[in-house]
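Working notes for the structure below.
The values are calculated or read from the model by the stated rules, or taken from the named source; none is laboratory data. Owing to the predicted nature of the structure, the values given are computational and were not obtained by experimental measurement. Here the Cβ is made from the backbone with ideal geometry for all residues, glycine too, and neighbour counts use every protein chain on show.
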Amino acid sequence: MECISVFDMLKIGVGPSSSHTLGPWRAAERWIAELEEQHVFDEVQSIKIYLYGSLSLTGKGHATDIAVVMGLLGTDPVTIDIDSISGSIDKIKTENKLYLGGKREISFSFLNDVVFKKEFLPFHANAMQFEAELVTGETISETYYSIGGGFVVKEERIHAKENKETFKTFPHPVKTGDELLQHCNAQDKSISTIVMENELSLRTEPEIDEGIARIWNTMLESMYVGCHTEGKLPGGLNVKRRAFEMHQKLKEDIPYSNPQEWLESIRDTEVKFRQIIKWVSCFALSVNEVNASLGRVVTAPTNGSAGVIPAVLMYYMVIENHDANFDDVKQFLLVASEVGSIFKKGATISAAMGGCQAEIGVSSAMAAAGLTELMGGTPEQVLIAAEIAMEHHLGLTCDPIGGLVQVPCIERNAMGAIKAINAAELALDTDPNEVKVPLDKVVNTMWETAKDMSSKYKETSEGGLAVGVFLSDC
């Protein structure tokens, strides 16, 4: 059975898209490593990259061309200085040279050697092929698929949702919500405890804590940066950053100088009832404005939906429980990641395969689940919350204007966060014996809906708002 860690579902990376930016970046790194394993890296004299399907149709807006080139340079999206990206790309464009893997220089044309091909390969909508010509004249190539959330695979099975990477077997293997409840009930343990025991089969508790702290600090920093950056987003739509002005209106004059002090200052602010939704929206918008500007965020489970979980977690910390600490953050993220993995195993987290229901819908379900356990919900109520959140995102299309992860993507994170909170409240007042739609039914329904959905509404910018709103109107 596929075993997915919290660190697989929640990855640190560069925006604006986990499937169109982070995935191709990682695929390029993986290809370089394979060239070295095959002992042909030093023989490469030229390369080409072919982007297919959704990666082609919205690749410019998602910075896919930039991502694959940054991966070919051997840079790491987790640690790279974000401000250095534009300079690296400009240098390549000017000199027509690429420092392959950060080790050797080859000729490379940014404009001609990244080729956008609109046709779809049969395996997955997000396909890319790396081709190298060796000094011997031989040409070798490899094809990868970015299947959502930064996951990258080669073609192994007929359906993208059946792809899996190899992980150590968990002590509590879980594929469905029902199986998760069986583990919880058999051992009388919470979902977060079951997930933690699985994680401990992979790494030590200090390593887990360090990794989760890194994830949370990245989330917090992305909210902080978004709330303190004004102006317009790049890309040509002239979308104004909104989190800055919202934050200015909401915050009080309590001094702070870093993200952690900022968090404490918000906790010290007397938040009125009408301001709660504004704060949650501000948190969500801030993350996705950072994401839209090639900033660093956490896939949760994707970059396009990166604002939902941080916003709901901040809601708990600044509204529901001012005494919340790292243990609460850890508990929330463990639960959220497990729910996300259930959707990945049973459906998809790729908008190119399932529309925005696969991104905002899944992130809202993850956030609702994490919040419900923190607020005292039973394992049954946790999954009820996840089901409610997804149920009311079913059929949501992915139709980014101009292929940019901006309109309607950024606002959708705010809506997903609000729905998650509402879903948690409803679940906490629900008798599990009276539930009509279990989580596994909505996961299956989401996948069936995804398969029925027209490709126009799956991250191709060929339908919906993407064609209903003209760029000249923006």
Per-region count, segment 234-256, residues surrounded by 13 or more Cβ atoms within 10 Å (Cβ to Cβ), in contact (Cβ under 8 Å) with a residue 60 or more places away in the chain and touching a strand residue (DSSP E or B) at 6+ places or on another chain (Cβ under 8 Å): 1
Just to verify a result, which residue in segment 374-395, among those that are surrounded by fewer than 23 Cβ atoms within 10 Å (Cβ to Cβ) and either in contact (Cβ under 8 Å) with a residue 60 or more places away in the chain or within 21 Å of the chain's Cα centre (by Cα) (or both), is farthest from ILE194 (Cα to Cα)? GLY395
Quickly run through segment 335-373 and pick out the residues that are under 16 Å from ASP452 (Cα atoms) and among the polar types (S, T, N, Q). THR348, SER350, GLN357
Hits in segment 257-290 - residues which are within 29 Å of the chain's Cα centre (by Cα) and assigned to a loop (DSSP other than H, G, I, E, B): SER257, ASN258
Which residue out of VAL329, VAL335, VAL339 is touching a residue at least 12 places away in the same chain (Cβ under 8 Å), part of a helix (DSSP H, G or I) and more than 22 Å from LYS175 (Cβ to Cβ)? VAL329
Take the residues in segment 44-101 that are β-branched (Val, Ile, Thr) and without any contact (Cβ under 8 Å) to a residue 24 or more places away in the chain; name whichever of them is nearest to THR302 (Cα to Cα). THR79
What pairs can you find where one residue is in segment 266-282 and among the basic types (Lys, Arg), the other is in a loop (DSSP other than H, G, I, E, B), and their Cβ atoms are less than 8 Å apart, with a gap of 6+ or different chains? ARG267/HIS322
Of the residues LYS345, LYS330, only one is over 15 Å from THR299 (Cβ atoms), touching a Lys or Arg at 6+ places or on another chain (Cβ under 7 Å) and modelled with pLDDT of 95 or more; which? LYS345
With the requirement that a residue be aliphatic (A, V, I, L, M) and closer than 19 Å to ASP178 by Cα, what does segment 425-450 give you? ALA427, LEU428, VAL435, VAL437, LEU439, VAL442, VAL443, MET446
Of the residues in segment 55-73 that are hydroxyl-bearing (Ser, Thr, Tyr) and not in a loop (DSSP other than H, G, I, E, B), the one that is farthest from the chain's Cα centre (by Cα) is SER56
Condition check for GLU462: part of a helix (DSSP H, G or I) and of a type outside the set (Val, Ile, Thr): no
Name the single residue, out of those in segment 74-98 being within 27 Å of GLY211 (Cα to Cα) and part of a helix (DSSP H, G or I), that is nearest to the chain's Cα centre (by Cα). ILE82
Check whether at least one residue in segment 409-427 is part of a loop (DSSP other than H, G, I, E, B) and not charged (D, E, K, R), and report yes or no. no
Candidate set from segment 81-99 (those that are at pLDDT 95 or above and aliphatic (A, V, I, L, M)); member that is surrounded by the fewest Cβ atoms within 10 Å (Cβ to Cβ): ILE89
Here is a list of conditions, (1) buried (at least 17 other Cβ atoms within 10 Å of the Cβ); (2) over 25 Å from the mean Cα position of the chain (by Cα); (3) farther than 23 Å from VAL312 by Cα; (4) not polar (S, T, N, Q), and GLU459 meets all of them except one; can you say which number that is? (2)
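Conditions (1) among the charged types (D, E, K, R); (2) in the same structural domain as MET317 (by TED's automatic domain parsing); (3) within 18 Å of VAL312 (Cβ to Cβ), marked per residue:
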residue: PRO206; (1), (2), (3): no, yes, no
residue: GLU210; (1), (2), (3): yes, yes, no
residue: ARG214; (1), (2), (3): yes, yes, no
residue: THR218; (1), (2), (3): no, yes, yes
residue: MET223; (1), (2), (3): no, yes, yes
residue: GLY231; (1), (2), (3): no, yes, no
residue: PRO234; (1), (2), (3): no, yes, no
residue: ASN238; (1), (2), (3): no, yes, no
residue: ARG242; (1), (2), (3): yes, yes, no
In segment 39-55, is there at least one residue being surrounded by fewer than 23 Cβ atoms within 10 Å (Cβ to Cβ), over 23 Å from GLY236 (Cβ atoms) and touching a Gly at 6+ places or on another chain (Cβ under 6 Å)? no
Run down ILE410, ILE349, ILE342, ILE401 and say which single residue is buried (at least 24 other Cβ atoms within 10 Å of the Cβ), under 24 Å from THR193 (Cα atoms) and β-branched (Val, Ile, Thr). ILE342
Out of segment 210-224, which residues are surrounded by 16 or more Cβ atoms within 10 Å (Cβ to Cβ) and more than 18 Å from the chain's Cα centre (by Cα)? TYR224
Taking the condition more than 24 Å from ARG267 (Cβ to Cβ), among the β-branched types (Val, Ile, Thr), at pLDDT 95 or above and assigned to a loop (DSSP other than H, G, I, E, B), does ILE384 pass? no
Given the conditions (1) of a type outside the set (S, T, N, Q); (2) at pLDDT 95 or above; (3) closer than 27 Å to HIS62 by Cβ, which single one is not true for ILE277? (3)
